[in-house]
Amino acid sequence: MTSTYDLLRDRLRRAFDAIDEGADPVLRISERSDYQVNGVMALAKAQGVAPREMAARVLEHLEIDDLAEVEVAGPGFLNLTLTDSFLNAQLRALLGDDRLGVGLVEKRTVVIDYSAPNVAKEMHVGHLRSTVIGDSLARMYRFQGDRVIARNHVGDWGTPFGMLIEHLVDLGEDEAVASLSIGDLDGFYRGARAKFDADEGFKERSRSRVVALQGGDPETRRLWRMLVDESVKYFAEVYAALDVTLTPEDVTGESYYNDMLEAVVRDLDTAGLLVESGGALCVFPEGFVNREGEPLPLIVRKSDEGFGYAATDLAAVRDRVDHLHADEILYVVGAPQGQHFDMVFAVARAAGWLLDSVRCVHVAFGNVLGPDRKMFASRSGETIKLIDLLDEARERALSALRQRSLDVAPEARERLATQIARAAIKYADLSTDRQRDYVFDLDRMIAFEGDTGPYLQYAHARLRSIFRRLDAPWDGADVTFDLAESAERTLALGLLHFPEALDGALATLQPHRLSGYLFDLAQRFTTFYEACPVLSAPEPTRTQRLALCELCARTLSLGLSLLGIEAPDQM
RNA sequence: GCGGCUGUAGCUCAGCGGAUUAGAGCAUCGGUCUACGGAACCGAGGGUCGGGGGUUCGAAUCCCUCCAGCCGCACCA
């Protein structure tokens, strides 16, 4: 089906095109009517015509009577009120559409770089946002019909691996694997670090181990592989606990690009972009300066001849363009790295590796803050394990569930608690502008009241409970939506807005556009639910209301799934 | 110093060119109530949208400037 928004916009565009080819009608959801058209004023200004006069001209060209009544309002807005027959037709189409009005785009390849934990290091709150936001974007892109290639840019290379491998050797392989597989990655890392700082001999061994690793010594590589594999296994557990779609196959760590780094340097040199400065090989992209106002380098090869992350990131861009054939590349990485990515993209474009046709975006996000508005950490100042955070949320959800007389088996209750805990944490992250910092407050995010994940899950569960109470199957095949009650009409309009909400989230790479919509829809539903009895209503009202409930449940469920949140039938 | 992000009700946040009363959630206060699940709903109070200029018929929204906070600015990612 074609979405309501698209149908209206197409008609409006035709009228606008007749006056000025390509002019944007600026169609928006309105508080004063169903939709409003804001584009008349801009058009009037461009053409030197009085706005209301322009509105009249647009109306002359506008053929939209079958969809909406139009009224000129204020300085020159067009207010649209959908006709009953159009509303009915759209709702009926929605009932038969699994995609709830969302069209499929022409399939492109979208690479999304997200999560990026470090080998032999715990996943902590610092990884939460990248993981949750990236996964939501991946789900939305997939749903829209694109081919998504997730890239988990795991930190699996660099000098710390000398000490980590030596520590592994000291512990013995079996012991080390056991310690890693119980998920005590920080313990392992700290053990290595402590010895490195205290023991000169260990430090020396670590250094030569790095050399052996870089030199490709088979035994060293085997031990390194072991560390990586165990960590990736652990990450998979965390992703499962979070219900994140990343798999071990998506892991292309820093080491993945090692063999491409020489070529990066060589080709930059060939392109005449490479400059030696202080012993390091650099590119000075235009427009970047340091403290002193001097050109700022992107250091591709360090003065010790090692490669930095800039080289890896450049190699990754090339790989994603040349081998993955990306049409679009997204980096879901914290805001502090903004300048670094600006420089990498600038260099990649200057080198001709990244064409203008490939959209490359740093999807930046702010920090997770503690109640003191500082970086979220435990009392003792340590970072908090992601898995501990989830466990605590699950405990709270569980105790809340116990206080309810919900007729479910203990195992089912455990499962529910897990679903609620994930919803609480993910929704809190996905329901604010991602560029801002946000305060992590478990009490607020896990509450069943307010703008929370559990509230939306609850709204969905209430809807499903209606259908459980049905004594006989209902059939919506011949339903007619007359929407006589205003609460019915308000809910119905909300259902039609789903495609715009998703488009908005994708266009801005802001999942909170979608979460905000879902919360609004849930509120429309609860208002409707209070005002309009469903099961006890006489026919044909009963069938109509059941159909609205069905659509609402499906919209909530689908919408939440695109945020990576499950919608249980009962809670 | 340069650059980026942020500053909207007591708190947490939407809104980021558009319309007379700037929205929501939480908290507060007041209602609804023997219920199609009350973990709900309805209502009220509460804001000079950081300050000041400017553009415009119209600015929380665009431009300039100032203030405050956070972050980045050469070999760690």
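Residue check, A:LYS302 against (1) more than 19 Å from A:GLY253 (Cβ to Cβ); (2) touching a residue at least 40 places away in the same chain (Cβ under 8 Å), all met but one. Which one?
A:LYS302 satisfies every listed condition except (2).
Return the residues of the range A:350-376 that are more than 29 Å from A:VAL289 (Cβ to Cβ) and either free of Cβ contacts under 8 Å to residues at least 12 places away in the same chain or in a helix (DSSP H, G or I) (or both); say none if nothing qualifies.
If the condition is that a residue be more than 29 Å from A:VAL289 (Cβ to Cβ) and either free of Cβ contacts under 8 Å to residues at least 12 places away in the same chain or in a helix (DSSP H, G or I) (or both), then A:ASP372, A:LYS374 are the ones that fit.
Which of the residues belonging to the range A:382-405 are surrounded by fewer than 16 Cβ atoms within 10 Å (Cβ to Cβ) and either among the hydroxyl-bearing types (Ser, Thr, Tyr) or in contact with a helix residue (DSSP H, G or I) (Cβ under 7 Å, 6 or more places away or on another chain) (or both)?
A:GLU392, A:SER399, A:SER405
Are any residues in the range A:274-311 within 6 Å of RNA strand B (Cβ to nearest atom) and of a type in the set (Val, Ile, Thr), and if so, which ones?
A:VAL289, A:ILE299
Select, from A:ALA68, A:ALA73, A:ALA55, the only residue that is touching a Gly at 6+ places or on another chain (Cβ under 6 Å) and in the same structural domain as A:TYR35 (by TED's automatic domain parsing).
It is A:ALA55.
Of a type in the set (Gly, Ala, Ser), more than 19 Å from A:ARG554 (Cα to Cα) and at pLDDT below 95, is that true of A:ALA447?
So A:ALA447 fits the description; yes.
Go through the range A:14-59 and give me each residue that's free of Cβ contacts under 8 Å to residues at least 24 places away in the same chain, surrounded by fewer than 18 Cβ atoms within 10 Å (Cβ to Cβ) and closer than 30 Å to A:ASP98 by Cβ.
Across the range A:14-59, the qualifying residue is only A:ARG28.
If you go through the range A:483-494 one residue at a time, do you hit one that is assigned to a helix (DSSP H, G or I), under 30 Å from A:LEU330 (Cβ atoms) and not acidic (Asp, Glu)?
So far as the range A:483-494 goes, yes, one or more of its residues are assigned to a helix (DSSP H, G or I), under 30 Å from A:LEU330 (Cβ atoms) and not acidic (Asp, Glu).
Restricting the range A:183-209 to residues that are hydrophobic (A, V, I, L, M, F, W, C) and closer than 10 Å to A:GLU166 by Cβ, which is surrounded by the most Cβ atoms within 10 Å (Cβ to Cβ)? Give the derivation first.
Restricting attention to the range A:183-209, the residues satisfying the condition of being hydrophobic (A, V, I, L, M, F, W, C) are A:185, A:188, A:192, A:194, A:196, A:198, A:202.
Remaining after also requiring closer than 10 Å to A:GLU166 by Cβ: A:192, A:196, A:202.
Details: A:ALA192: 24, A:PHE196: 20, A:PHE202: 19.
The extreme case among them is A:ALA192.
Going through the range A:488-512 one residue at a time, which ones are within 21 Å of A:THR2 (Cα to Cα), free of Cβ contacts under 8 Å to residues at least 40 places away in the same chain and either within 11 Å of RNA strand B (Cβ to nearest atom) or outside the structural domain of A:GLY453 (by TED's automatic domain parsing) (or both)?
Answer for the range A:488-512, where residues must be within 21 Å of A:THR2 (Cα to Cα), free of Cβ contacts under 8 Å to residues at least 40 places away in the same chain and either within 11 Å of RNA strand B (Cβ to nearest atom) or outside the structural domain of A:GLY453 (by TED's automatic domain parsing) (or both): A:THR490, A:GLY504.
Applying the selection to the range A:319-328, what residues are charged (D, E, K, R), without any contact (Cβ under 8 Å) to a residue 60 or more places away in the chain and buried (at least 19 other Cβ atoms within 10 Å of the Cβ)?
Correct list: empty.
How about the range A:426-480: which of its residues are aromatic (Phe, Trp, Tyr) and either within 9 Å of RNA strand B (Cβ to nearest atom) or outside any helix (DSSP H, G or I) (or both)?
If the condition is that a residue be aromatic (Phe, Trp, Tyr) and either within 9 Å of RNA strand B (Cβ to nearest atom) or outside any helix (DSSP H, G or I) (or both), then A:TYR438, A:PHE440, A:PHE448, A:TYR455, A:TYR458, A:TRP474 are the ones that fit.
Of everything in the range A:410-435, what is touching a Lys or Arg at 6+ places or on another chain (Cβ under 9 Å) and among the β-branched types (Val, Ile, Thr)? Give them in sequence order.
Passing the criteria: A:THR418, A:ILE420.
Here are A:VAL332, A:VAL347: which of them is part of a helix (DSSP H, G or I), more than 9 Å from RNA strand B (Cβ to nearest atom) and hydrophobic (A, V, I, L, M, F, W, C)?
Just a single option satisfies the conditions, and that option is A:VAL347.
I'd like the full set of residues that are assigned to a loop (DSSP other than H, G, I, E, B), buried (at least 16 other Cβ atoms within 10 Å of the Cβ) and within 16 Å of RNA strand B (Cβ to nearest atom), limited to the range A:63-115.
The answer is A:GLY76, A:TYR114, A:SER115.
Testing A:ARG318 on (1) outside any strand (DSSP E or B); (2) under 32 Å from the mean Cα position of the chain (by Cα); (3) within 12 Å of RNA strand B (Cβ to nearest atom), one condition comes back false. Which one is that?
(3)
Taking the criterion of being near RNA strand B (Cβ under 6 Å from one of its atoms), part of a helix (DSSP H, G or I) and under 30 Å from A:ARG225 (Cα atoms), would at least one residue in the range A:259-273 satisfy it?
Taking every residue of the range A:259-273 in turn, none turns out to be near RNA strand B (Cβ under 6 Å from one of its atoms), part of a helix (DSSP H, G or I) and under 30 Å from A:ARG225 (Cα atoms).
Among the residues in the range A:398-415, are any under 23 Å from the mean Cα position of the chain (by Cα) and either within 13 Å of RNA strand B (Cβ to nearest atom) or of a type outside the set (Gly, Ala, Ser) (or both)? Full working, then the answer.
Of the range A:398-415, the ones under 23 Å from the mean Cα position of the chain (by Cα) are none.
Checked the range A:398-415: no residue is under 23 Å from the mean Cα position of the chain (by Cα) and either within 13 Å of RNA strand B (Cβ to nearest atom) or of a type outside the set (Gly, Ala, Ser) (or both).
Got at least one residue in the range A:509-527 being surrounded by 23 or more Cβ atoms within 10 Å (Cβ to Cβ) and outside any helix (DSSP H, G or I)?
For the range A:509-527, residues surrounded by 23 or more Cβ atoms within 10 Å (Cβ to Cβ) and outside any helix (DSSP H, G or I): present.
All but one of (1) over 26 Å from the mean Cα position of the chain (by Cα); (2) touching a residue at least 40 places away in the same chain (Cβ under 8 Å); (3) under 25 Å from A:LEU82 (Cβ atoms) hold for A:ASP475, so report the exception by its number.
All conditions pass for A:ASP475, except number (3).
For the range A:193-208, indicate whether the set of residues that are part of a helix (DSSP H, G or I), under 35 Å from the mean Cα position of the chain (by Cα) and under 18 Å from A:ASN118 (Cα atoms) is non-empty. So that I can check it myself, show each step before the final result.
Applying the first criterion (part of a helix (DSSP H, G or I)) to the range A:193-208 yields A:193-198, A:200-208.
Checking the rest, the ones that are also under 35 Å from the mean Cα position of the chain (by Cα) come to A:193.
Next cut, under 18 Å from A:ASN118 (Cα atoms) only: A:193.
The answer is yes; a qualifying residue exists.
Given the structure, is A:PHE341 aromatic (Phe, Trp, Tyr) and surrounded by fewer than 20 Cβ atoms within 10 Å (Cβ to Cβ)?
When the stated conditions are applied, A:PHE341 passes them.
Just the residues that are within 16 Å of RNA strand B (Cβ to nearest atom) and of a type in the set (Asp, Glu), please, taken from the range A:376-397. It would help to see each step written out before you state the result.
Keep residues of the range A:376-397 that are within 16 Å of RNA strand B (Cβ to nearest atom), which gives A:376-377, A:381, A:383, A:393-397.
Scanning the range A:376-397 gives a single hit, A:GLU395.
The values are calculated or read from the model by the stated rules, or taken from the named source; none is laboratory data. If you're wondering where the values come from, they're calculated on a predicted model, not measured in any experiment. Using ideal geometry, Cβ is built from the backbone for each residue, glycine included, and neighbour counts are taken over all protein chains shown.
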